[in-house]
1. Working carefully through the options A:LEU29, A:LEU23, find the one that is modelled with pLDDT of 95 or more, under 11 Å from the mean Cα position of the chain (by Cα) and of a type outside the set (Val, Ile, Thr).
2. Examine the range B:39-47 for a residue that is over 20 Å from B:VAL101 (Cα atoms) and in contact with a Leu (Cβ under 7 Å, 6 or more places away or on another chain), and state whether such a residue exists.
3. Scan the range B:22-29 and tell me whether some residue there is in a strand (DSSP E or B) and more than 27 Å from B:PHE155 (Cβ to Cβ).
4. Pick from B:ALA147, B:ALA167: which is within 14 Å of another protein chain (Cβ to nearest Cβ), of a type in the set (Gly, Ala, Ser) and touching a residue at least 60 places away in the same chain (Cβ under 8 Å)?
Amino acid sequence: MADPITPSINLSLCNHCTLCAVLCPEDALTMREQGPVFNIPLTCTYCLECEGLCPTGAIRAPLTVTWGAQSESINLS
Amino acid sequence: MENDVLSKIPMFSSLQPDTRLAISRCAFTRQLAPGYTLLIEGMPAEHGYFLISGEARALRMNPEGRVQVLARFSNGDPINLISLLSKDKANRATIETLSEVTVLVLSASDFHRLINRFPDFSALLLHQLATRLAKMTDLAADLSLYAVRARLARFLIELADLKPSPAGWTQDEIAAHIGTVRDVVGRLLRDFEAAGLIQRQGGQITLQNRDQLAAVAQEQDL
């Protein structure tokens, strides 16, 4: 999976409460008629605040976990 | 149902041809959308399932909505085995799909008839039951003996060692797996980052030091 750049928004779940747009610490979201959209230029830092604030689960900010190059070479045995 | 559908369930390859034929005559397949609730905890256990493709999870939820994930199922895993074999025949957990899923379905009556008539099917299920019991024992030990930090460190190591899940993991989903809440996962990830154990860039978490993380994973609950 490619590294997520911004959280994904499922507009069909959005109830237009505006919490994400109002409380985003980077003002990265704007509320439009169809729901929240990320502003361009992109200021989202993927802080995950909007996902935690969303009361309907419309915003999903997935994380992927991998080993860094240095840790790969460590032999546990 | 076509007998070759059974070939998509690896553990069925050890069954005798007669057993496979008997299963194929009474089983059927179902396709399920992501996020579909296949079973609800406490409802009567009417069917058993074998996962042909996709991923699903078993969970329990408390009245406040806090979720504990009990198991994650992938190709070949049986679902609802314990419920069908238990005395009260009630679903032990809620089962949700995590992706598009195809399952092989057996009714409770066919399931019990197959167990009674085909010893190789019974033996196979016994092995699966033992595997599930071992995992539940590990989960009980994890939740009761280790600190949340340790459980998170262990979970991150597991995720990094596995093939990446296409959907990724939200903080809520991680919390549901390790028996805590979202805010605690967020705080611990920040702690791990400050300590140099992980590095975060966007939605990517890179584990930096296996030895140190492995040491944190052994921290016991005091």
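1. The conditions single out A:LEU29.
2. Looking through the range B:39-47, none of the residues is over 20 Å from B:VAL101 (Cα atoms) and in contact with a Leu (Cβ under 7 Å, 6 or more places away or on another chain).
3. Looking through the range B:22-29, at least one residue is in a strand (DSSP E or B) and more than 27 Å from B:PHE155 (Cβ to Cβ).
4. B:ALA167 is the lone residue from the list that is within 14 Å of another protein chain (Cβ to nearest Cβ), of a type in the set (Gly, Ala, Ser) and touching a residue at least 60 places away in the same chain (Cβ under 8 Å).
So that you can scan it fast, the table gives a plain yes or no per residue for (1) within 23 Å of B:THR131 (Cβ to Cβ); (2) of a type in the set (S, T, N, Q); (3) surrounded by 13 or more Cβ atoms within 10 Å (Cβ to Cβ):
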position: B:THR19; (1), (2), (3): yes, yes, yes
position: B:SER24; (1), (2), (3): no, yes, yes
position: B:LEU39; (1), (2), (3): yes, no, yes
position: B:GLU46; (1), (2), (3): no, no, yes
position: B:GLY54; (1), (2), (3): yes, no, yes
position: B:GLU64; (1), (2), (3): no, no, no
position: B:ALA71; (1), (2), (3): yes, no, yes
position: B:ILE79; (1), (2), (3): yes, no, yes
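The values are calculated or read from the model by the stated rules, or taken from the named source; none is laboratory data. Keep in mind that this is a model prediction, so the values were computed, not measured. Using ideal geometry, Cβ is built from the backbone for each residue, glycine included, and neighbour counts are taken over all protein chains shown.
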